[in-house]
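Below is one structure, written out as structure tokens; the observations come after it.
The values are calculated or read from the model by the stated rules, or taken from the named source; none is laboratory data. These figures come from a predicted structure and were not determined experimentally. Here Cβ is always computed from backbone atoms with ideal geometry, including for glycine, and neighbour counts include all displayed protein chains. Only protein heavy atoms, including side chains, enter the accessible area calculation; ligands, DNA and RNA are left aside. Shrake-Rupley method; radii C 1.70, N 1.55, O 1.52, S 1.80 Å.
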Amino acid sequence: ISFNSEWAHTLWIAATNLYESDEGTFHGAIPLGTNTFQESWEPLKELTRELDRNEPVHIFCTAGIRCVKVGAYLKQWLGFTDVRRLQHGVILGYQQWLADHPEGSSVWEGDNFIFDKRRFEEKIEEEK
């Protein structure tokens with residue numbers, strides 16, 4: 001997940017709500033622009049309407065649960081054949097990637113919204 005030419009040509013969908021994506025997201029990711037998760041389906045249809053169903057689609061969310069549901073929707077309802085997700089979301093998945101690849105450059109911009117009393121993690125790139 002480092003910024004390179006492959007990243008620049010990869011579709012990343014932020015399966016997050018506005019208050020999360022406004023705080024932070026991956027460079028170049030497309031947010032759904034929703035206030036609640038139940039609003040996700042129409043923006044997903046619109047966003048992917050003209051995409052090749054065989055090209056990879058990458059999705060991420062804060063903790064990973066919404067990605068499972070969005071991934072299933074992309075496959076089962078919209079016909080995508082190659083849906084990839086950041087397993088365990090940004091909180092665990094990306095943090096683990098950074099720990100395993102200290103030489104890599106972070107493509108996260110801003111803060112990571114979390115859903116407990118901490119409210120926001122420190123900026124991810126500062127943790128490296």
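Take the residues in the range 61-73 that are modelled with pLDDT of 95 or more and within 13 Å of TRP12 (Cα to Cα); name whichever of them is surrounded by the most Cβ atoms within 10 Å (Cβ to Cβ). Top of the filtered list is VAL70.
Take the range 56-79 and flag every residue that is over 17 Å from the mean Cα position of the chain (by Cα), outside any helix (DSSP H, G or I) and not small (Gly, Ala, Ser). Residues satisfying the conditions are TRP77, LEU78.
If you go through the range 84-114 and keep only what is at pLDDT 80 or above, open to solvent by 60 Å² or more (accessible area, probe 1.4 Å), more than 23 Å from GLY71 (Cα to Cα) and not in a helix (DSSP H, G or I), you end up with just GLU109. Against the test of being in contact (Cβ under 8 Å) with a residue 40 or more places away in the chain, open to solvent by 50 Å² or more (accessible area, probe 1.4 Å) and not aliphatic (A, V, I, L, M), the options GLU46, GLU23, GLU50, GLU42 yield a single qualifying residue, GLU23. Return yes or no: is ILE1 surrounded by 16 or more Cβ atoms within 10 Å (Cβ to Cβ), assigned to a loop (DSSP other than H, G, I, E, B) and modelled with pLDDT under 85? Here the answer is yes, as ILE1 does meet what is asked.
Count of the range 64-92 residues, restricted to those that are of a type outside the set (Asp, Glu), in contact (Cβ under 8 Å) with a residue 12 or more places away in the chain and in contact with a strand residue (DSSP E or B) (Cβ under 8 Å, 6 or more places away or on another chain), is 14. On inspection, HIS58 does not qualify as exposed (fewer than 15 other Cβ atoms within 10 Å of the Cβ), touching a residue at least 40 places away in the same chain (Cβ under 8 Å) and either in contact with a Leu (Cβ under 7 Å, 6 or more places away or on another chain) or within 25 Å of ILE114 (Cα to Cα) (or both). What about PHE37, is it of a type in the set (Phe, Trp, Tyr), in contact with a Phe, Trp or Tyr (Cβ under 7 Å, 6 or more places away or on another chain) and surrounded by 13 or more Cβ atoms within 10 Å (Cβ to Cβ)? No: the conditions fail for PHE37. In the range 93-120, the residues that are farther than 12 Å from GLY24 by Cβ form Cβ pairs under 8 Å with partners that are at pLDDT 80 or above and part of a loop (DSSP other than H, G, I, E, B), at six or more places apart or across chains, as follows: GLY93/GLY64; GLY93/LEU86; GLY93/GLN87; GLN96/HIS88; PHE115/THR62; PHE115/ALA63.
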